[in-house]
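Undergrad: One structure coming up, written as structure tokens, with questions to follow.
Each value in this text was obtained by applying a stated rule to the coordinates, not by laboratory testing. Just so it is clear, the model here is predicted, and its values are computed rather than measured. When we count neighbours, we look across all protein chains shown, and the Cβ atoms used for this are built from the backbone with ideal geometry, even at glycine.
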Amino acid sequence: MSGSHDDHHELGFWRKYVFSTDHKVIGLQYGITALCFLFFGFCLVMLMRWQLAYPDMPIPIIGKWLGAGTTPEGAMLPEFYNSLGAMHGTIMVFLGVVPLAVGAFGNYVLPLQIGAPDMAFPRLNMASYWCFLPGGLIMLVSFFVPGGAANSGWTSYPPLANIATTGQTFWLVGMVFLITSSLLGAVNFIVTTLHMRAPGLTMFKLPFFVWAQLVTSFLLLLAFPPLEAAGVLQIMDRVAGTSFFLPSGLVVDGVPLDVAGGGSPLLWQHLFWFLAHPEVYVLILPAMGIVGEIVACNTRKPLFGYKTLVYSIIFLGFMSFVVWAHHMFLTGMGTAISTFFQTTTMIISIPSVIILSNLVISLWGGSIRFNVPMLFALGFLPMFGIGGLTGLPLGLTATDIPLHDTYYVIGHFHYVVAPGSLLALFAGVYFWYPKVTGRFMSERLGKIHFWGSIISMNGIFFSMLVQGMGGVSRRLADGGATYAYAEPVLYLNKVMSHSAWLLGIFQLFFIYNFFVSRKKGKEAVGNNPWQATTLDWQTPTPPPHGNFSEIPTVYHDPYEYSLPGRDDDYLPQNVEA
Amino acid sequence: MEIPYTVEANPDTGLNNPKLGVWLFLASEIMLFGALFSTYLLLRVNDPAWPKGEDYLSWPIAAFNTVVLITSSVTVILAWGNLQLKKPDKARIFLWITVALAFVFLFAKFYEYNLKFSHGYYPSTNNFLAIYFTLTGLHGLHVIGGIVVMGYFVGPGFKMATERPQQFTNRIEVVGLYWHFVDLVWIFLFPILYLL
């Protein structure tokens, strides 16, 4: 790639770091923004946990700063609790995990792993980030509009969301930006993966991470537009006075609503979940990809059943489009429809189990290196297992009906997303940090971060499962204090809250480690400090503009570790044996 | 640094990057309009008193607009064909005609909207008008998007036709695909809103 005319002139600060078209800079922009949003979203829930553990008591220290509109005399109003809940969900999913998993890791790692000089459309890539950021800022600004941020839950179910305060309109406009951003990203990832693989890198030589990103991109491409449509319809409802989601004869505060009526609140649920179920797989597939890379590298052996993994992830992608109504069993659907969705839901669990089993079996007989990325990846396996298994009762109507809308549901999906996806994403940060900066993150701080996080996460989410089976409903601003049947499990509210704050404290170790290791971390010797086989480790550290000094040719499968008869225990994909 | 397959086709897919990209984009657009068409169906089957299109809308304007859009789809093809024949000047004329026809469509649509408003028909009047304004409004935004892109190619972007003719031809082909899609959406909108 050297010698072409673009390399010669040095770019100015703005083009190099702000409006950059380099996939690595964009990946870092996404990553840092997403980590900030993740922390912010987590702060929101730490506030909520105070209200749940100590209902209506003044919040210590920061309570008086939050303003009389939300927390008069330091105690949280239920409306503010609702805002925090809705925005916690929105921020964690759309501004935290997805941009980190896809925007950051996908952007930074995918072109390196396939031996490409950049993404197929570098300028679209930049536009994608610059649609994402305004979307996020609109969400943040909405906290300051009259009535506060969106407060109808992250699912924004009408009719409630239709008649909610102005924050909801901001939420919808913000979502349109975020959807545009992920659409641009998805097109880019698919074209890049299909067109720009290095010579010799056939589809079945791709690292598992690239497959995960490819399937994820198809989900983003095809599942997000229906939500965009739904968002447009809800904007019309709120701004132009239409009644797409408003049924006839709706009465609010004793006054009949002055609208045409005849709409259908269920329509929103269908459009929303048509996005949001594939979205679950958008959250988990890149995480599985990251874990696959780390497990293969740190067990020093090929992933077990690579082709099965690939076929499973493709099948998972297809199936994720036909399970959405299992979120809606309580809407009074007929038995024929619910049987269909129960069946597809049971079927989709099969490829997930195959993937998880393959990753576990990959450990068998490996000489495992227990470094920090591997610890996080190993933590992912049982935690995602719990998340997946607790989902089965929710996929069958007989057990879903009593559990629906309880804390059990919250416990279930947090097991998938927090100790599941997030642990895997942390693993990815620890794993690729030396490639980006040339230095390792601190091993000791990383281990404190890992053990602290996994213990306190279980303290939170396992208690949720117990509370949910005790019948405590979600979205109650007092944590169930007014319900007599919640009494026996109410003490868990304090367990959960203290675990959540503890989890917050352990994240400080990560933040400190993240920033300080950049200058003070142990230096990573050579370009391939983990002795990995994939192409991302065969570039200079940090990879220069254009990534490779010469485009590599690929000869081998992605995980050629511990080949018999070789001196070193790994064979990079681009080394001719 | 050079991105491969920006101009020439990739041997695996037989497409270059922009063309594969625009097909993927159109796939997502189909999901967007598909969701809205589903909404239309659902609202319609749930409402026994769903009005006929002619109760509110006048089909002659829409029929005129259909002809305008189909003609513009032809002219954008002619522009592309002339670029392939290395006749950029002629291609430019056809591009200008395409943009002009897009404007004609928008003016007719604007006139139609105005007519509705003057009769007191608003999106809030009933669900038929609501979905009418939403679908045609979103389609109108797509027409505006096409005007912006083609306006750029026929104006400041046209110098590429002589500097990098192959890439410019590809660009017109790609925007042409998008424009056909916009046309196609209208061909569905016309019967379901005006005729049925």
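Undergrad: In whole Hz and in residue order, list the ³J(HN,Hα) couplings for region A:34-40 that follow from phi through the Karplus curve 6.51 cos²θ - 1.76 cosθ + 1.60, θ = phi - 60°; x for Gly and Pro.
TA: Working through the residues one at a time gives 5, 5, 4, 5, 4, 5, 4 Hz.
Undergrad: Then there is this: With everything on Cα atoms, drop me the angle between helix A:423-437 and the longest principal axis of chain A, reported from 0 to 90° to the nearest 10.
TA: That works out to roughly 40 degrees.
Undergrad: Still on this structure, I have one more. Just tell me how shielded B:136-145 is by partners: mean number of partner chain Cβ atoms within 10 Å of each residue's Cβ, no decimals.
TA: Whole-number average of other-chain Cβ neighbours for B:136-145 is 1.
Undergrad: Please arrange A:T165, A:T193 by how many other C-beta atoms lie within 10 Å of their C-beta, fewest to most.
TA: Result, fewest neighbours first: A:T165, A:T193.
Undergrad: Continuing with the same structure: Between B:K52 and A:A484, what FRET efficiency comes out of the Förster formula 1/(1 + (r/R0)^6) with R0 = 60 Å and r the beta carbon distance, rounded to 0.05?
TA: According to the calculation, E is roughly 0.60.
Undergrad: Let me ask you something else. For B:K87, give me every one of the lysines with a C-alpha distance below 30 angstrom, ignoring sequence neighbours fewer than eight places off in its own chain.
TA: B:K19, B:K159
Undergrad: Of A:Y54, A:Y407, how do they rank once you tally other Cβ atoms within 10 Å and put the fewest first?
TA: A:Y54, A:Y407
Undergrad: Evaluate the charge dipole of chain A about its Cα centre and quote only its size in Debye, nearest 20, assuming +1 on the Cβ of each Lys and Arg and -1 on the Cβ of each Asp and Glu.
TA: Result for chain A is approximately 900 debye, rounded to the nearest 20.
Undergrad: With the dipole of the protein assembly as shown worked out from charges on the C-beta (+1 for Lys and Arg, -1 for Asp and Glu) around the Cα centre, which of A:L250, B:N126, B:F94 lies farthest toward the positive end?
TA: Working it through, the farthest residue towards the positive pole turns out to be B:F94.
Undergrad: How large is the Kirkwood hydrodynamic radius of chain A, counting all unique pairs of alpha carbons, in Å?
TA: 24.7
Undergrad: Ok, one more. Note the angle between two axes, namely the Cα long axis of helix B:17-46 and the longest principal axis of the Cα atoms of chain B, as a number of degrees from 0 to 90, rounded to the nearest 10.
TA: Rounded to the nearest ten degrees, it is 10.
Undergrad: Given an 8 Å cut-off on Cα distances and at least 6 residues of separation, report the relative contact order of region A:1-116 as a percent.
TA: RCO, region A:1-116: 37 percent.
Undergrad: Roughly how tilted is helix B:165-189, in degrees to the nearest 10 and between 0 and 90, from the longest Cα axis of chain B?
TA: 10
Undergrad: How long is the gain from B:L115 to B:E163 if the chain were fully straight, where each residue apart is worth 0.36 nm and the alpha carbon distance is subtracted?
TA: 12.6 nm
Undergrad: Pick out, from A:F170, A:Q234, B:A9, the residue whose Cα sits farthest towards the positive end of the charge dipole of the protein assembly as shown, with +1 on the Cβ of Lys and Arg and -1 on the Cβ of Asp and Glu.
TA: B:A9
Undergrad: Modelled label-to-label distance, A:F321 and A:H498, 7 Å Cα→beta-carbon offset: nm?
TA: 5.0
Undergrad: So, one more: Listing B:D55, A:D567, A:D56, B:D47 from the residue with the fewest other Cβ atoms within 10 Å to the one with the most, what is the order?
TA: A:D567, B:D55, A:D56, B:D47
Undergrad: Also: Counting Lys and Arg as +1 and Asp and Glu as -1, what is the net charge of the other residues whose Cβ lies under 15 Å from the Cβ of A:A223?
TA: Residues close to A:A223 contribute a combined charge of -3.
Undergrad: Starting at the first residue of region A:402-415, write each ³J(HN,Hα) from the Karplus equation 6.51 cos²θ - 1.76 cosθ + 1.60 with θ = phi - 60°, in whole Hz, x for Gly and Pro.
TA: Ordered by residue, 3J(HN,Hα) equals x, 8, 4, 6, 9, 5, 4, 4, 5, x, 4, 6, 6, 4 Hz.
Undergrad: Ok, one more. Which value, in debye to the nearest 20, describes the size of the charge dipole of region B:58-195 about its Cα centre when Lys and Arg Cβ atoms bear +1, Asp and Glu Cβ atoms bear -1, and nothing else is charged?
TA: Computed charge dipole of region B:58-195: roughly 340 debye.
Undergrad: Provide the packing ranking of A:236-247, A:60-71, A:374-385, B:5-16, i.e. peptides ordered by the mean count of other C-beta atoms within 10 Å per residue, highest first.
TA: With the highest mean Cβ count within 10 Å placed first, the list reads A:374-385, A:236-247, B:5-16, A:60-71.
Undergrad: Sort region A:1-121 into rounded, prolate or oblate with this rule: let a ≥ b ≥ c be the square roots of the eigenvalues of the Cα gyration tensor; rounded if a/c is under 1.5, and if a/c is not under 1.5, prolate when a/b is larger than b/c, oblate otherwise.
TA: It is prolate, given that a/c is not under 1.5 and a/b is the larger ratio.
Undergrad: Sticking with this one: Hey, rough spin-label estimate for B:R44 and B:L106, points 7 angstrom out along Cα→Cβ, what's it come to in nanometres?
TA: 2.9
Undergrad: A further question on this structure: Give the Kirkwood hydrodynamic radius (Å, one decimal) of region B:58-195, defined as one over the mean of 1/r across all pairs of different Cα atoms.
TA: 15.7
Undergrad: Shifting gears a bit: Do the sum for chain A: with -39,500 (n - 2.57) for every DSSP H run of n ≥ 4, divided by all residues, what is the mean residue ellipticity at 222 nm, to the nearest 500 deg cm²/dmol?
TA: -19000 deg cm²/dmol
Undergrad: Sticking with this structure for a sec: Quick one: go through region A:240-283 and flag any residue whose amide nitrogen is under 18 Å from the point 7 Å out along the Cα-to-Cβ line of A:V145.
TA: Only A:240-242 pass the distance filter.
Undergrad: Taking amide hydrogens as modeled 1.01 Å from N in the peptide plane, which residues meet the under 5 Å criterion relative to A:L206, leaving out close sequence neighbours?
TA: Those lying under 5 Å, H to H, from A:L206: there are none.
Undergrad: Mind checking the mean number of beta-carbon atoms from other chains within 10 Å of the Cβ atoms in A:231-238?
TA: Going residue by residue through A:231-238 and averaging, the value is 3.
Undergrad: What average number of partner chain Cβ atoms lie no more than 10 Å from the Cβ of the residues making up B:22-34?
TA: The shielding value for this peptide is 5.
Undergrad: Another one. Using Cα positions and a limit of under 19 Å, work out the lysines in reach of A:K522, with same-chain residues fewer than 8 apart set aside.
TA: Cα-Cα hits under 19 Å: A:K435, A:K447.
Undergrad: Can you give the calculated 222 nm mean residue ellipticity of chain B, where each DSSP H run of n ≥ 4 adds -39,500 (n - 2.57) and the sum is split over every residue, rounded to the nearest 500 deg cm²/dmol?
TA: -26000 deg cm²/dmol
Undergrad: Oh, and also: Could you work out the local net charge near A:I460, counting Lys and Arg as +1, Asp and Glu as -1, over the other residues with Cβ closer than 12 Å to its Cβ?
TA: Summing Lys and Arg as +1 and Asp and Glu as -1 gives +2.
Undergrad: How charged is the neighbourhood of B:A79? Take every other residue with its Cβ under 9 Å from the Cβ of B:A79, and add Lys/Arg as +1 and Asp/Glu as -1.
TA: Charge balance in the 9 Å sphere: +2.
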